[in-house]
There are 2 protein chains.
Amino acid sequence: MSNDNKELVTISDISRLAGVSKSTVSRYLNGGSISKKTTDKIKKIVHETNYSPNSFAQSLKAKKNNLIGTIVPRLDSYSIVQSLAGMDQEFAEKKYELLILNTYQSPERELEALQTFKKQKVAGIVFFATILKDEHIQLLKSLDVPIIILGQEVEDYHNVLYSDYEAGYKIGQYAHQLGHRSITYLGVTEADRSVGHSRKKGVFDALQLFDIHPDYYETTFQTKDAYKLSLKLLPHNESTYIICATDNIALGVLKAARELNIEIPQDISISGFGGYDITDAVTPTITTVKYAYQKAGHVTANSIIRLVNKEEVANVTLIENHVEIKNSTTFLI
Amino acid sequence: MSNDNKELVTISDISRLAGVSKSTVSRYLNGGSISKKTTDKIKKIVHETNYSPNSFAQSLKAKKNNLIGTIVPRLDSYSIVQSLAGMDQEFAEKKYELLILNTYQSPERELEALQTFKKQKVAGIVFFATILKDEHIQLLKSLDVPIIILGQEVEDYHNVLYSDYEAGYKIGQYAHQLGHRSITYLGVTEADRSVGHSRKKGVFDALQLFDIHPDYYETTFQTKDAYKLSLKLLPHNESTYIICATDNIALGVLKAARELNIEIPQDISISGFGGYDITDAVTPTITTVKYAYQKAGHVTANSIIRLVNKEEVANVTLIENHVEIKNSTTFLI
DNA sequence: TATAATAGCGGTACCGGTTCCAAAAAAATC
DNA sequence: GATTTTTTTGGAACCGGTACCGCTATTATA
């Protein structure tokens with residue numbers, strides 16, 4: 001396997017080989033006054049030995065490091081992956097590393113992850129929150145690390161939030177503009193404050209102004225579950241517009257509709273939230289509220305870096321969104 | 001922000017507070033002969049101070065750590081995310097941390113990532129390879145870290161491979177069984193040995209036995225590109241079966257077909273590779289060769305852990321796959 | 001040329017743990 | 001009660017870096 005020269009080379013090795021002291025080598029590495037002659041000597045040796053400093057020793061001494069811990073509930077989510085990608089870009093530029101811990105939506109694992117990062121002494125933590133309990137808040141308080149919570153508002157912490165209420169409000173208005181008055185809302189558990197609660201409230205509030213009160217049904221984040229529910233619901237459905245709380249739910253409805261020979265959007269209009277790529281890949285393309293996930297990632301990354309460097313950061317940053325009208329919605333004729 | 005007691009507590013603090021020596025505390029922490037009395041004393045203090053050891057100091061001393069570096073070309077890929085999830089599960093159990101570096105498919109960034117991991121002195125590296133150049137191999141050789149390369153065969157290294165050739169062969173046979181003789185293969189660049197080269201070769205070899213020689217067109221991994229290409233191709237297409245090199249490509253073909261009023265599978269059968277969730281969410285559901293991505297993750301994680309512990313690991317591990325017949329393919333009538 | 005200023009370098013302490021070894025204390029044996 | 005054995009404890013070195021401080025060598029200034 002071609003790994004022979006296993007012995008790791010240290011700064012002492014370099015100094016011995018170059019015939020100078022450790023501190024001189026360190027100065028060479030980190031910048032400081034050094035004569036041309038010794039510079040050349042050391043440079044040669046460093047190159048030959050393929051030396052690279054031990055980051056643990058560095059971190060130990062510096063009492064800080066360039067690790068950012070990220071806690072995500074799942075990795076198979078478009079929004080999360082997009083946000084991660086956005087963060088990753090910033091971190092790559094600013095020379096931070098991203099440590100990702102997946103909790104599989106288990107609150108216990110989230111607590112573990114926080115503990116792990118505490119031990120790891122990461123410079124900062126980004127928390128993709130879903131459902132936050134008191135236990136979480138307690139643990140968060142005991143950490144002495146900068147934290148940004150993404151996607152869920154928690155008092156006393158720095159938050160990056162999607163404007164879910166506004167998103168719901170916009171799509172509610174849009175549905176009304178199209179002339180729909182008989183509307184169904186397909187949502188998820190209200191325990192999820194952002195997706196479950198705020199989006200729904202936005203929709204209902206917008207429609208209430210016109211005295212429209214949507215039917216409400218609850219499903220999960222899984223396309224499959226929305227599909228099954230729709231197979232039951234659609235045959236005796238009276239609504240002309242189904243507002244789905246996520247694009248994946250809309251996808252499930254679309255599939256059920258096709259199998260039931262219900263034409264979208266001629267018979268029913270549907271829309272989602274998120275702006276996932278898949279909304280463009282299906283027929284008809286799905287109207288959605290597009291969130292700037294990547295941008296959220298950028299903002300989050302920059303904020304956590306600022307916090308790490310003890311700079312000021314706004315307590316709440318809102319990420320905008322906008323309705324993307326596609327082919328799954330149409331005027332009520 | 002409720003962070004007051006910033007001062008990190010060290011093992012020396014504990015020892016002072018408990019009135020014992022550092023080494024006694026360390027022994028308490030790591031298991032060793034300690035009297036009941038001192039155990040109780042130390043336990044109390046550790047609890048009160050909420051002490052947790054500095055992992056950099058530990059790693060520095062132990063000359064090893066529990067970080068596994070992973071280099072991925074992108075994060076918005078079903079297969080990669082699934083494999084990551086599989087790895088993650090194993091690592092969580094075995095107390096390793098996953099450090100993910102996204103290279104955005106840039107070979108340069110891959111080299112950087114390897115350097116970074118070298119500095120970080122990770123215990124092991126998992127490399128999601130796409131296109132490996134000599135430069136990569138050179139750098140790989142200079143690293144003194146266990147490495148597993150996933151998805152691409154590289155001599156002298158440990159590989160976890162998808163049986164792409166076999167997958168192609170199977171779908172070739174399947175298409176022939178259905179009675180198709182006029183077949184198109186929609187592939188990607190052959191520079192990608194696995195997806196571009198092996199899958200195609202499997203298909204062509206299987207069909208050659210029956211003297212069938214598919215048409216070949218090349219597209220990218222993007223659904224959009226496959227869609228555009230299909231819009232041009234399909235109107236004067238003579239094939240009865242289009243074999244797509246990935247599920248996303250199949251998705252693009254399906255969309256184009258719908259818009260051109262070509263019925264799938266009545267007019268043309270199509271199939272993909274991968275077994276992505278989305279193949280079930282569209283209508284018709286798409287026949288595909290399902291890869292055990294999660295399992296690949298498990299296997300990879302276990303192998304790298306074994307390597308880290310200097311245990312034996314097979315040089316090449318193959319991950320199986322199977323044809324999942326759904327509604328996008330049918331007998332030639 | 002004498003003196004001051006500065007550049008270049010080495011010695012050493014320190015970061016926060018682990019581990020070896022020897023000393024001290026407790027328990028067991030005679 | 002003295003001696004041996006075993007258990008418990010503390011001291012010190014070490015991991016691989018960084019940084020302060022002071023000494024020497026060089027250059028600039030008077």
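The values are calculated or read from the model by the stated rules, or taken from the named source; none is laboratory data. Worth saying up front: this structure is predicted, and the values here are computed from it rather than measured. Cβ placement follows ideal geometry from the backbone for every residue including glycine, while neighbour counts extend to all protein chains displayed. These area figures cover heavy atoms from the full protein model, side chains too; ligands, DNA and RNA do not enter into them. Shrake-Rupley method; radii C 1.70, N 1.55, O 1.52, S 1.80 Å.
Label chain B by shape, choosing from rounded, prolate and oblate, from the square roots a ≥ b ≥ c of the eigenvalues of the Cα gyration tensor; if a/c is under 1.5 it is rounded, and otherwise prolate applies when a/b is larger than b/c, oblate when it is not. Prolate, because a/c is 1.5 or more and a/b exceeds b/c.
Measuring heavy-atom accessible area with a 1.4 angstrom probe and counting protein chains only, the residues of the range B:251-270 that give up at least 50 Å² relative to the chain alone are B:255, B:258.
Between this copy and the others, label points of residue B:211 are 7.7 nm apart in ascending order, each placed 7 angstrom from Cα in the Cβ direction. The relative contact order of the range A:118-256, computed from alpha carbon pairs under 8 Å that lie at least 6 residues apart in sequence, is 22 percent. Residues of the range A:271-302 that bury at least 20 Å² of accessible area when the other protein chains are present, relative to the chain alone (probe 1.4 Å, heavy atoms, ligands and nucleic acids excluded): A:278, A:281, A:282, A:283. Sparsely packed loop sites in the range A:35-88 (the trypsin sites (Lys or Arg not before Pro) outside DSSP H, G, I, E and B with at most 15 other Cβ atoms within 10 Å) comprise A:63, A:64. Quick one: Debye curve from the alpha-carbon atoms of the range B:146-185 only, equal weights, vacuum; give me log10 I(q)/I(0) at q = 0.18 Å⁻¹ to two decimals. Evaluating at q = 0.18 Å⁻¹ gives log10 I(q)/I(0) of -0.60. Whole-Hz Karplus values for the range B:97-109 come out as 10, 9, 9, 9, 10, 9, 9, 6, 6, 9, x, 4, 5 Hz, taken residue by residue from phi with 6.51 cos²θ - 1.76 cosθ + 1.60 and θ = phi - 60°; glycine and proline positions read x. When the protein assembly as shown is described by a simple charge dipole with +1 on each Lys and Arg Cβ and -1 on each Asp and Glu Cβ, the residue from A:291, A:219, B:154 located farthest towards its positive end is B:154. Applying a DSSP loop filter and a limit of 10 other Cβ atoms within 10 Å to the trypsin sites (Lys or Arg not before Pro) in the range B:267-333 leaves B:310. When the helices of the protein assembly as shown are scored as -39500 (n - 2.57) per DSSP H run of n ≥ 4 and the total is divided over every residue, the value at 222 nm lands at -13500 deg cm²/dmol. Measure out, as a whole number of angstrom, how far apart the alpha-carbon centroids of the range B:130-201 and the range A:298-333 sit. Spelled out, the Cα-based centre of one part sits 38 Å from the other.
Projecting label points 7 angstrom from Cα along Cα→Cβ for residue A:106 and residue B:115 puts them 3.9 nm apart. Relative to the first principal axis of the alpha-carbon coordinates of chain B, what is the inclination of helix B:293-308, with its axis defined by its Cα atoms, in degrees from 0 to 90 and to the nearest 10? Between the helix axis and the principal axis of chain B, the angle is about 40 degrees. Label-point spacing at residue B:119 relative to the other copies reads 2.6 nm, in ascending order, each point sitting 7 Å out from Cα along Cα→Cβ. Residue-wise HN-Hα couplings along the range B:320-333, as the Karplus relation 6.51 cos²θ - 1.76 cosθ + 1.60 with θ = phi - 60° gives them from phi, are 6, 7, 8, 6, 10, 7, 10, 9, 8, 10, 7, 4, 6, 8 Hz; Gly and Pro carry x. Taking a straight line from the alpha carbon of residue A:37, these lysines sit under 23 Å away, with near neighbours fewer than eight places off in the same chain left out: A:22. The mean accessible area for residues of the protein assembly as shown, using a 1.4 Å probe and ignoring ligands and nucleic acids, is 46 Å² per residue. With unit charges on the beta carbons (Lys and Arg positive, Asp and Glu negative) and the dipole taken about the Cα centre of the protein assembly as shown, which residue among A:136, A:282, A:67 sits farthest to the positive side? Final value for the positive-end residue is A:67. Classified by the C-alpha gyration tensor, the range B:11-53 has a rounded form. Its axis ratio a/c, with a ≥ b ≥ c, is below 1.5. Checking the a/c ratio against 1.5 first, then a/b against b/c, what shape does the Cα gyration tensor give for the protein assembly as shown? Verdict is oblate for the protein assembly as shown. For the range B:51-67, 3J(HN,Hα) computed residue by residue from phi via the Karplus equation (6.51, -1.76, 1.60; θ = phi - 60°) reads 6, 9, x, 7, 6, 5, 4, 4, 5, 4, 5, 6, 6, 7, 8, 10, 9 Hz, glycine and proline entered as x.
Applying a DSSP loop filter and a limit of 12 other Cβ atoms within 10 Å to the chymotrypsin sites (Phe, Trp or Tyr not before Pro) in the range A:245-333 leaves A:331. For chain B, the relative contact order is 17 percent, taking Cα pairs closer than 8 Å that sit 6 or more residues apart in sequence and dividing their mean separation by the residue count. For the range A:185-228, the equivalent ellipsoid derived from the Cα gyration tensor has semi-axes of 21, 13, 6 Å, listed largest first. Remark: relative contact order (the range A:11-53) = 38 percent; criterion is Cα-Cα distance under 8 angstrom and separation of 6 or more residues. Taking both sides together, the accessible area buried where B meets A is about 5400 Å² for a 1.4 Å probe.
Label-point spacing at residue A:224 relative to the other copies reads 3.1 nm, in ascending order, each point sitting 7 Å out from Cα along Cα→Cβ. Estimated at the nearest 10 Å², the accessible area of residue B:122 is 10 Å² with a 1.4 Å probe.
May I ask you to give the percent of accessible area on chain B that is carbon plus sulfur, with a probe radius of 1.4 Å? The value for chain B is 50 percent carbon and sulfur by accessible area. For the range A:164-291, taking Cα atoms only, Rg and Dmax work out to 13.0, 35 Å respectively.
Relative to the longest principal axis of the Cα atoms of chain A, the long axis of helix A:78-94 makes an angle of roughly 30 degrees. Scanning residues 5 or more positions from residue A:65 or on other chains, those with amide H under 5 Å from its amide H are A:123, with H placed 1.01 Å from N in the peptide plane.
Cross-linked pairs A:94/A:119; A:232/B:228; A:118/A:290; A:61/B:118; A:43/A:310: Cα-Cα separations exceed 30 Å for A:232/B:228; A:118/A:290; A:43/A:310. Amide H to amide H distances under 5 Å link residue B:319 with B:161, B:162, B:163, where only residues 5 or more positions off or on other chains count and H is placed in the peptide plane.
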